[in-house]
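What follows is a single structure, written as structure tokens, with notes after it.
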Amino acid sequence: MPNVKLRPPSKGLGHKCEKILRSVPEWFGREDSLIEYVNEIDHLSTYTAFLDERLIGFFSVNIHNECSAELHVLAVHLDFHRQGIGKQLYRSVEEDLKTQGIKYVQVKTLGPSYGDANYEKTRQFYLSLGFSPLEEIREFWGEGTPCLLMVKGI
């Protein structure tokens, strides 16, 4: 997608990113969780992708310490799925994290034992970026919501 412009990280973007989250209810359909994510995005470094002046994707990153960071919440507007925007954004994030001396990136997603086809696509996306599944933790998010921790050395 040639007209996509990636912007450096900034904070305070929760309201703008909310529109993206609402475009993908298959992943962000729980209202209480969605609102919590919107509030968290305001305090996180958020990398964005714009088509002209329209926000079409974002990655919010939480730096845990001098060695590791987490892709905390991310989404690409449903109209722009499968066009390489998520991969472009991730590459930009990874390069920036490397310059900060970060050595490991992690992401948490719904585990395979849940059996959700949409999250299977999510896990495949992370695998395509070089992430490896580390552990599925059944108790992390509560009963019936297994968390898969995935990691990548950068």
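Quick look at the values:
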quantity: FRET efficiency for residue 53 and residue 143, using Cβ-Cβ distance with R0 set to 41 Å, rounded to 0.05; calculated: 0.40
quantity: Proximal aspartates and glutamates relative to residue 103, as straight alpha-carbon distance under 14 Å, when same-chain residues fewer than 8 apart are discounted; calculated: 66, 70, 94, 95
quantity: Environment charge at residue 80 (Cβ cut-off 14 Å; Lys +1, Arg +1, Asp -1, Glu -1); calculated: +3
quantity: Rough spin-label spacing in nm, given labels placed 7 Å along Cα→Cβ, for residue 82 and residue 104; calculated: 3.5 nm
quantity: Exposure proxy ranking, count of Cβ atoms within 10 Å, fewest first, for 92, 33; calculated: 33, 92
quantity: Global geometry of the range 1-83, whether rounded, prolate or oblate, following the gyration tensor of its Cα atoms and the 1.5 cut on a/c; calculated: oblate
quantity: Where a label projected 7 Å from the Cα of residue 68 along Cα→Cβ would reach, residues of the range 118-152 with amide N under 19 Å; calculated: 126-127, 130-142, 147-152
quantity: Gaussian network model of the chain, springs between alpha carbon atoms under 10 Å - residue of 46, 109, 99 with greatest fluctuation; calculated: 99
quantity: Loop GluC sites (Glu not before Pro), the range 85-154, which have at most 14 other Cβ atoms in a 10 Å radius of their Cβ (DSSP); calculated: 139, 143
quantity: Pairwise centroid distance, computed over Cα atoms, of the range 4-64 with the range 125-147, Å; calculated: 21 Å
quantity: Cα centre as origin, Lys/Arg/Asp/Glu Cβ charges: the range 21-154 dipole, Debye; calculated: 500 debye
quantity: Global geometry of the range 103-154, whether rounded, prolate or oblate, following the gyration tensor of its Cα atoms and the 1.5 cut on a/c; calculated: oblate
quantity: Label selected from [x] 11, 41, 40, 8, 0; [y] 10, 35, 29, 13, 8, 4, 1, 0; [z] 10, 36, 31, 17, 5, 1, 0, the criterion being P(r) over Cα pairs in 10 Å bins from 0, in percent as computed here; calculated: [x]
quantity: Which of 81, 72, 15 has the fewest Cβ neighbours within 10 Å, and the rest in rising order; calculated: 15, 81, 72
quantity: Calculated FRET value between residue 16 and residue 117, using beta carbons and R₀ = 35 Å, to 0.05; calculated: 0.75
quantity: Ascending count of other beta-carbon atoms within 10 Å, so fewest first, for 73, 151, 107; calculated: 151, 107, 73
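Computed from the coordinates by the stated procedures, all read-outs in this text should not be read as laboratory data. Since we're looking at a predicted model, the values are computed, not measured. Positions of Cβ are generated from backbone atoms using ideal geometry, with glycine treated the same way; all protein chains shown enter the neighbour counts.
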